[in-house]
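Trainee: A single structure is presented below for examination.
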Amino acid sequence: MSESREHPHPAGSIPELLNPTFIARVASQLFNDLPGAGSLPRSETDLQEAPQSAVSTSQDHAGNAPLHGDSAWQPELPKFPAETQAPGDSGSFYFLQDVGEQREDELEPHADRLTEQQAYAPKGNSAYGFDEYLKLAQTTGASPEIGTHTSGSPKEGVSFDFLRQITQPLRVLGGLDEGSCLAEELLRRAAGGEAAHPASVNPPRPEAPSYYFLGTPGVQASPVAETEIFDVASVRRDFPVLHQNIHGKPLVWLDNAATTQKPLSVIEAVSEFYSKDNSNIHRGAHTLAARATDAYEGAREKVRRFIGAGSTSEIVYVRGTTEAINLVAQTWGRKFIQPGDEIVLTILEHHANIVPWQMLAQEKGAVIRVAPVDDRGEIILEEYTRLLGPRTRLVSLTQASNGLGTILPVREMIRLAKRHDAKVLVDGAQSVAHIPVDVQDMDADFFVFSGHKIFAPTGIGVLYGKRELLEVMPPWQGGGNMIKDVRFEHTTYNEPPAKFEAGTPSIGDAVGLGAALDYVRKIGLDNIARYEHELTQYATSRLVDIPGLRLVGTAREKVGVLSFVLAGVPNDEVGRFLDREGIAVRTGHHCTQPSLRRFGLEGTVRPSLAFYNTKSEIDRLSDAIRDIQRR
């Protein structure tokens, strides 16, 4: 690790560099001194000798109170074209933390459908909008209006790579934690104000900073990895619902296993579809039908790439995980399950992966066998292996438990099942938003998930099925779109996936799903998994120290599900108290009654995490639970 990243000096030990006014001036100067326009200042002396930027005399970056730093200077804000800037919108330069080398493969799909106005628009201060802004500048030669800089050839585009080199040393030397917003903190210091949040939000820095991407202790991180900090503060700005008060307290959304919140890019994609492209798909002989079809099928391709399927013909749109499992049970199951056949499940399954198979088994005379877990909530592989045999026709298992958080070794479990020529369905509802999925690598025959578990709208989900299986499965519902030819004597069905998509689909929600997958892919599931693992470990350490709290599900590999019970306090009472503190959790059996009864329980309190959650929110949860005990 470079010396600057491990700098031992606390904030204030380098007076000139960390002078608040100087730091804020540097932040403003970044927008006036683009590469090739001169050196950035390294000290107060340099800054005084440099040309001064325009003076703003009345409002801070939020348009509120005046700043009180140097009376002769106020930091200038980045400017967007006047025609796209809402009245009173002074902009924000929080995205200093995010701007760096742009990945062509992620941004290219947007280039051909951006107008100049769309690209320049602040997009509600979302990082996604600024990436579009950069893309336009780099691909079309447009010259962004940032500060008052107008020099340089516009056809050369604009590179902001230098910002990362400058802002990260300022963050480390200034004593800012990785979750803080650099630009806002610089402005606050320039104003001479106190910390915007208590110490629990920006805790004191350890002597040697620990970042999620450093991996196993003793293993040196690559130089590239050292520049990639998971910026939860910027991520949170993309989720409007998070910025509200509940009962007078800032919302802490810890009910992500039930449903996830939606980023601006998803909200805007759905809104834009209904505002501009709304039409039925496939057969309309007009422009809107063509655009709607392209958006719908384009989202299917995004799903294919996201889960590693071989063809879009293997991607079937459904309403959610529950409908996907029922579809398989009522088509493949009814055709191939015979009396005496065995269906193997695990005790960790959601009711949606139990009841459809029970119904099928009762109809066909099949037998259900259940793999157990140990006291940590981990599958006992030896017992699972013993359940498999020549009568095993299907194995249906969750990749991650929604009740305990356990991540199952699905790759090994699939391999063992294939020894007996069994088909395997994997329920990815609780895994797809948290860990990378490759259906071909795991060799799943079916893989199912719900859009609303991965930041997409409700009412949309996915069934992946191997092409050869989908071809031999009968249709589930009859109607339009799933047919080639209809006569009263005989109907010819369409090929997959259309064969399983009868009627008008949820087109707008499919577009939203595609936008959600774009958003997650942009951040990177590897990055998400590392950050959430760190957050889960931190939350576990805070909760297990609370007297009387029993954590249920302590698997070594788990997603951020933290089920617990509190001695002497009913679960629903805990949930109501937490809600009064602005903290949203789930209470009850979570549709996993068999697994909870394995631990002698009928229900738990279940906080569950996503990548927009923070350690400070975990601290609020822990403090609130301790308050319940004291009362």
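Trainee: How would D545, D438 line up by accessible area, probe 1.4 Å, largest first?
Mentor: Heavy-atom accessible area, descending, gives D545, D438.
Trainee: Take E297, E557, E617 and sort them by solvent-accessible surface of the protein heavy atoms, 1.4 Å probe, largest at the top.
Mentor: Working: E297 60, E557 115, E617 10 Å².
Largest to smallest exposure gives the sequence E557, E297, E617.
Trainee: Sticking with this one: Would you mind counting up the charge near T398? Only other residues with Cβ under 9 Å from its Cβ, with Lys and Arg at +1 and Asp and Glu at -1.
Mentor: Local net charge: -2.
Trainee: Sticking with this structure for a sec: Whole number in Å², please: accessible area per residue of the stretch 526-631, 1.4 Å probe, ligands, DNA and RNA not counted.
Mentor: 41
Trainee: If I stretch the segment between D438 and R305 completely, what's the gain in nm (0.36 nm per residue apart, minus their alpha carbon distance), one decimal?
Mentor: 47.0 nm
Trainee: Using the structure shown, select from K364/K558; K262/K615; K499/K558 the pairs with a Cα to Cα distance greater than 31 angstrom.
Mentor: K364/K558; K499/K558
Trainee: For the stretch 331-452, with the dipole built from +1 on Lys and Arg beta-carbon atoms and -1 on Asp and Glu ones, taken about the Cα centre, which of A371, L397, Q358 lies farthest toward the positive end?
Mentor: In the stretch 331-452, that residue is Q358.
Trainee: Can I ask one more? Need one value: the accessible area of L425 in square angstrom, 1.4 angstrom probe, rounded to the nearest 10.
Mentor: Approximately 0 Å² of L425 is accessible to the 1.4 Å probe.
Trainee: Under a crude label model (7 Å from the Cα following the beta-carbon direction), how far is D294 from D526 in nanometres?
Mentor: With each label point 7 Å from Cα toward Cβ, the separation is 3.3 nm.
Trainee: Sticking with this one: Ranked from the most accessible area to the least, with a 1.4 Å probe and all protein chains present, what is the order of R580, R237, R556?
Mentor: Output order, biggest surface exposure first: R556, R580, R237.
Trainee: Please give the per residue accessible area of the stretch 290-365, computed with a probe of 1.4 Å over protein heavy atoms only, in Å².
Mentor: Working: 2630 Å² over 76 residues.
Normalised by residue count, the accessible surface of the stretch 290-365 is 35 Å².
Trainee: Which ³J(HN,Hα) values in Hz, rounded to whole numbers, follow from the phi angles of the stretch 363-376 under the Karplus curve 6.51 cos²θ - 1.76 cosθ + 1.60, where θ = phi - 60° and Gly and Pro get x?
Mentor: Taking θ as phi minus 60°, the curve returns 6, 9, x, 8, 10, 9, 10, 10, 7, x, 10, 8, 5, 7 Hz for the stretch 363-376.
Trainee: I'd like the accessible area for L609, computed on protein heavy atoms only with a 1.4 Å probe and all protein chains in place. Round to 10 Å², please.
Mentor: For L609, solvent-accessible area is about 10 Å².
Trainee: Continuing with the same structure: Which far-off residues, 5 or more places away or on another chain, put their amide H under 5 Å from the one on I583, with H placed in the peptide plane?
Mentor: Correct list: V252.
The values are calculated or read from the model by the stated rules, or taken from the named source; none is laboratory data. Just so you know, these numbers come straight off a predicted model, no measurement behind them. Here the Cβ is made from the backbone with ideal geometry for all residues, glycine too, and neighbour counts use every protein chain on show. Calculation scope for accessible area: heavy atoms of the full protein, side chains included, ligands and nucleic acids excluded. Shrake-Rupley method; radii C 1.70, N 1.55, O 1.52, S 1.80 Å.
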